[in-house]
Structure formats: structure tokens, C-alpha cells
Amino acid sequence: MKNVLYLHGLNSTLHDDRREVLEEYGFNISAPQLDYENDPKVLDKLLTEYKDIGFIIGSSAGGLVGYYLSGLLRVPALVFNPALPFVEDYMNLPDLPVRENFLLAVIGAKDEIVNPYKSFEILNNEKNSEDFIEIHWRKQMQHSLPINIFKEELKYFFDKVLS
């Protein structure tokens, strides 16, 4: 059975409603409590502890870390409003190899915390990514992630990577 690694946002956690939705897929769910601001080795720890993970799902700061972790481990990832414009604020992250795994990025056009246009630009400029990255632009979504959008995008993601 494949495992799912859920990476919460800054000063957040995996909320019960999202855990319930994830559990419907029958995967084992790992959701470590992470301190992105005060632990510069968080990515290294995740690379070691979750090197055999099957899928990564992350939101905001967790989306940023999930973006890098999925590229380094070469596993599919779903990231919501990834905090890509803040990469230098969290940790010293390595250059990514050419992506060979699927990444679905869901960006809220009304996000006032993470600039959606900068995130889009970063994702759109990733080297050799056209075959592996999809960006879903959600016109009405802000930084917070409504459960209905979480369900819809999770279904799309798993339909794509499990088919």
C-alpha cells in the first residue's frame, strides 16, 4: 500500500476534514508536525524519513516543501498555493533535477498571502517541466483552501496518477 505524506501550512496542521477525505482513498497518511521557520533542516529530515513515500500533498509552506521533496524523490505531488515566492525565507533549498514526476499545483487567484502570479511564473519557468506539471488556476480561491476544492483536486490528482 502506498503512503501519502501531508505537509501542512505554516503554523498549521492536517485538519480533520482533510484527513477524512484522504482516508477515503485507503492510503496510510503521514502528517508530521513541522516547524518551517525554526528548523532549517526540515527538508533533509523529510528526505531521510519519507524516502519511500508514494505521494505528497502540501499546502502553502507545505506546498513549497512538497514541491522540492517531490522533485528530489521523484514522486507525484499535489500542492495548494505553494509558497514558492518565499523560498529564501524558509530554508536553503537545493536546485532540483529535471522533473520526471507529476506535479499538480492548485493556485488561488485571490490569494493575498502568497502572490499567485509569482507562484505561476516560478512553476511555468521550471526547466523541462511541460510534460510533468499541471497548474489549476482557481479564480475564486483565496489562500485558505475550501474543502470542496480540496476534494475535487484530490480526486483529479489520484485519477491521474493511479490510472
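Considering only residues that are part of a loop (DSSP other than H, G, I, E, B) and hydroxyl-bearing (Ser, Thr, Tyr), look in the stretch 1-41 and name the one that is farthest from Phe80 (Cα to Cα). In this case the residue turns out to be Tyr25. In this structure, does Gly63 turn out to be touching a strand residue (DSSP E or B) at 6+ places or on another chain (Cβ under 7 Å) and either within 25 Å of Gly108 (Cβ to Cβ) or assigned to a helix (DSSP H, G or I) (or both)? Yes: the conditions hold for Gly63. Residues in the stretch 130-148 that are out of contact with any strand residue (DSSP E or B) (no Cβ under 6 Å at 6 or more places or on another chain) and either under 21 Å from His8 (Cα atoms) or not in a loop (DSSP other than H, G, I, E, B) (or both): His143, Ser144, Pro146, Ile147, Asn148. Scanning the stretch 115-133 for residues that are acidic (Asp, Glu) and surrounded by 15 or more Cβ atoms within 10 Å (Cβ to Cβ) yields a total of 1. No other residue among Asn38, Asn3 is without any contact (Cβ under 8 Å) to a residue 12 or more places away in the chain, open to solvent by 20 Å² or more (accessible area, probe 1.4 Å) and out of contact with any helix residue (DSSP H, G or I) (no Cβ under 6 Å at 6 or more places or on another chain) apart from Asn38.
Of the residues Val4, Val65, Val79, which is among the β-branched types (Val, Ile, Thr), under 13 Å from the mean Cα position of the chain (by Cα), at pLDDT below 95 and within 25 Å of Asn148 (Cα to Cα)?
Working: Val4 fails: at pLDDT below 95; Val79 fails: at pLDDT below 95.
Just a single option satisfies the conditions, and that option is Val65.
Anything in the stretch 138-154 that is open to solvent by 50 Å² or more (accessible area, probe 1.4 Å) and either closer than 24 Å to Glu100 by Cβ or in contact (Cβ under 8 Å) with a residue 60 or more places away in the chain (or both)? List them, or say none. Result: Ile147, Lys151.
The values are calculated or read from the model by the stated rules, or taken from the named source; none is laboratory data. This one's a predicted model, so the numbers in the text were calculated from it and none came from an experiment. A quick note on method: Cβ atoms are made from the backbone with ideal geometry, for glycine too, and the neighbour counts reach across all protein chains shown. Heavy atoms of the whole protein, side chains included, go into the accessibility calculation; ligands, DNA and RNA do not. Shrake-Rupley method; radii C 1.70, N 1.55, O 1.52, S 1.80 Å.
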